[in-house]
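Worksheet: one structure, shown below.
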Amino acid sequence: MKIKTIIIGLLTVFISVNQIYGQDDSPDAQAKQLVSKLKSKEIWERAESVYMLASLVMEKNLDRKSYSKEIALLLKDSEAVVREHAVGALSKLNATEYIKDIAMLLDDPDVMVGAAKALGTFKAKEYADKIKEYLKSDNAEVRGNAVFAVAEFANLACKSKDEIQTVGCVKEIAAMLKHDKAVSVRGLAAYTLAVGYKIKDYKKEIAELLKESDPLVKYRAITALKNLDAKEYTKEIVSILKSISLEGDGHLQYQLYCGILDALSSFKAVECIKDVAELLKSSRSDVQSEAAKWLGQMNAKEYTDAIADLVKKSVPNQGAIAALGNLRASEYAEDVAKLLDNPAIKAEAALTLGKMGSQKHAKKISKLLGDTSYNRSWIVQSSLKAIGMLKAAKYSDKVSELLNDQDGSIKFLAILTLGELGATDYKDEIAALLNSANIWIKASAIKALGQLNAKESADEIKKLSNDETKCSIYDFTSDKYVPTTVKEVVKQVLAGWKQ
């Protein structure tokens, strides 16, 4: 299977629309400018604009039908990444009028998975058999894509576990794990059974793939075992860590390395701390970075000084900065604070100071809320998290200015930060966001109003008590986005008010 590292979707999460087009432009004006960029000669500009246009239409309740029509033209784009983004955008906009057009892309190996996912979102079960047929292809790449495709389709189109496993061809994929002639397909089958379906019956067969020479197959097997919490294979995974060469420029070896650390972290494999700490001496900064982050996650305080040395270098190591935060190494707060002026790493520095509880630097962190640099979104988000962690309520006014930010990720965190700060002066502004079309904004407003004891909004909140739409809520204590549903957030808020 051809693997593409597509970062445009993630990148555009961190770019606010008003930063690019100007704060004074109306949503429709912004949308029209994005439409014009759909015709750009630059591949990434077309792909990026598709994503941003769909997000803007959803956020501002613009004319879905007319903008979907513009996006649909890109289903025939010459570049796969643009076609893939167009499929994702139409799925996001629930543009069911283009089901047949999207279904035609099932024959496109580069877009098959995205097309199947969109058809699953549309509950278009009439295409289940067509997707299943690709599992029998003579082409290993097509079979591999099909394994992913049927899983994506079934998980979205079906409800019951039995239906998901039938439509999702679990028996067929399990047979492919054991017998497919292409090891790459066996790796994809392992990954899908464990990650897509969470089936624990095939641990032994998956573990056999650890013996393969292909680093991508090993990576998928390790990721599968991690998702199955197969701690019994820790020894074999550590053996791979010790044997891989990380001093070259091999992308797949580095990906495997990251997958190994992810699994060992999930397994809480403290017995591996010494082995990982050795990698702080690597000549590669990215290898050092991942090792430092892992040691921070494992709370390996005995390596705090060694990690801090990486922060003090002329080019500070970003993973090491994060590790000091997770280690709550406040003795190095001053070293980290010096990095708040460094454009490339000030976001990580702000978040780390928040985790360290460094109240002394709250004022300087608050100034980053007005950042206008190219990676503004990430910097502002990290600063909001830090201010929430520090409970720096004196900066509530600055935080409130972001309630109308065009960047949904910033707006989401601004709401939650005000709740964390107990900023009751902004209850009305937050309550108005209960009607947002953005489900994450709506959920964050419910959560914040609960924290602010805004019982006057109880009736509006109760109206959402049957909404089972999935979302996430950021938790300031763990620095994690916790998956939940609107219904569950409402339930927690109302239960808290009863106490």
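Report the residue count in segment 218-245 for those that are hydrophobic (A, V, I, L, M, F, W, C) and farther than 18 Å from residue 151 by Cβ. Here the count works out to 7.
Any residue at all in segment 349-368 that's under 23 Å from residue 434 (Cβ atoms), outside any helix (DSSP H, G or I) and of a type outside the set (A, V, I, L, M)? So far as segment 349-368 goes, no, none of its residues is under 23 Å from residue 434 (Cβ atoms), outside any helix (DSSP H, G or I) and of a type outside the set (A, V, I, L, M). Of all positions in segment 405-424, at least one carries a residue that is over 25 Å from the mean Cα position of the chain (by Cα), crowded, with 16+ Cβ neighbours inside 10 Å and touching a residue at least 24 places away in the same chain (Cβ under 8 Å). Within segment 163-220, being part of a loop (DSSP other than H, G, I, E, B) and among the hydrophobic types (A, V, I, L, M, F, W, C) holds for 169, 182, 199. Among the residues of segment 323-350, count how many are of a type in the set (A, V, I, L, M), over 24 Å from residue 373 (Cα atoms) and within 25 Å of the chain's Cα centre (by Cα). Adding up the residues that qualify gives 3. Counting only residues that are at negative phi, acidic (Asp, Glu) and outside any helix (DSSP H, G or I), segment 221-251 holds 2 of them. Are any of the residues in segment 318-331 without any contact (Cβ under 8 Å) to a residue 24 or more places away in the chain and either within 18 Å of residue 262 (Cβ to Cβ) or part of a loop (DSSP other than H, G, I, E, B) (or both)? Among the residues of segment 318-331, not one is without any contact (Cβ under 8 Å) to a residue 24 or more places away in the chain and either within 18 Å of residue 262 (Cβ to Cβ) or part of a loop (DSSP other than H, G, I, E, B) (or both), which makes the answer no. A count restricted to segment 447-470 and to residues that are under 22 Å from the mean Cα position of the chain (by Cα) and closer than 20 Å to residue 420 by Cβ stands at 1. The residue pairs whose first member lies in segment 337-360 and is closer than 21 Å to residue 478 by Cα and free of Cβ contacts under 8 Å to residues at least 40 places away in the same chain, whose second member is charged (D, E, K, R) and crowded, with 22+ Cβ neighbours inside 10 Å, and whose beta carbons are closer than 9 Å, counting only pairs six or more residues apart or on different chains, are 350/385; 354/385.
When 413, 418, 433, 403 are screened for being in the same structural domain as residue 483 (by TED's automatic domain parsing) and touching a strand residue (DSSP E or B) at 6+ places or on another chain (Cβ under 7 Å), only 413 passes. Based on what the data block shows, is residue 301 modelled with pLDDT of 95 or more, surrounded by fewer than 16 Cβ atoms within 10 Å (Cβ to Cβ) and more than 30 Å from residue 216 (Cβ to Cβ)? So residue 301 fits the description; yes. Among residues of segment 425-437 being surrounded by 18 or more Cβ atoms within 10 Å (Cβ to Cβ) and not aliphatic (A, V, I, L, M), the one that is modelled with the lowest pLDDT is 436. Taken as a whole, the structure leaves residue 244 outside the set of residues that are in contact with a Leu (Cβ under 9 Å, 6 or more places away or on another chain), modelled with pLDDT of 95 or more and either surrounded by fewer than 14 Cβ atoms within 10 Å (Cβ to Cβ) or not assigned by TED's automatic domain parsing to the domain that holds residue 313 (or both). In segment 351-393, the residue that is surrounded by the most Cβ atoms within 10 Å (Cβ to Cβ) out of those that are charged (D, E, K, R) and over 22 Å from the mean Cα position of the chain (by Cα) is 371.
Residues that are under 27 Å from the mean Cα position of the chain (by Cα), among the hydroxyl-bearing types (Ser, Thr, Tyr) and surrounded by fewer than 23 Cβ atoms within 10 Å (Cβ to Cβ) do not occur anywhere in segment 135-156.
Only helices (runs of 4 or more DSSP H) whose full extent lies in segment 25-119 are considered here, and the ones with at least 1 residues that are without any contact (Cβ under 8 Å) to a residue 12 or more places away in the chain and surrounded by fewer than 21 Cβ atoms within 10 Å (Cβ to Cβ) are 27-37, 43-60, 64-72, 99-104.
The values are calculated or read from the model by the stated rules, or taken from the named source; none is laboratory data. Since this is a predicted model, take the numbers as computed values, not measurements. Backbone-built Cβ (ideal geometry, glycine too); neighbour counts: all protein chains shown.
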